[in-house]
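Values in this text are rule-based calculations from the coordinates and carry no lab data. Here the structure is a predicted model, which means the values were calculated and not measured. Cβ atoms come from the backbone with ideal geometry, glycine included; neighbour counts cover every protein chain shown.
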């Protein structure tokens, strides 16, 4: 499990489908908007579909 609200760019990139650009978007979202509280926040922050966010939600805390 990766703690999504504390993870580094390198840690985020270990998740399937999260490359450098998406990892940066997640970090920027956390800094500029708020913590990631649910799959909708994850989808919005990473620019991915809700289906992808649901899959990733099993890998993050």
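Summary of the geometry: region 1-30 and region 39-57, compared by the centres of their Cα atoms, lie 12 Å apart. Taking only DSSP H segments of four or more residues, each worth -39500 (n - 2.57), what value at 222 nm results for the chain once the sum is divided by all its residues, to the nearest 500 deg cm²/dmol? Rounded to the nearest 500, it is -14500 deg cm²/dmol.
Ranked by the mean number of other Cβ atoms within 10 Å per residue, highest first, peptides 22-28, 3-9 order as 22-28, 3-9.
GNM on the chain, C-alpha springs below 10 Å: top fluctuator among 12, 42, 31? Highest fluctuation among the options: 31. Relative contact order (percent) for the chain, with alpha-carbon contacts under 8 angstrom and 6 or more residues of separation? About 39 percent, as a whole number. When Rg and the Kirkwood Rh are both derived from Cα coordinates, the Rg/Rh ratio for the chain amounts to 0.89. Placing dummy labels 7 Å off each Cα toward the beta-carbon, the span from residue 35 to residue 54 is 2.5 nm.
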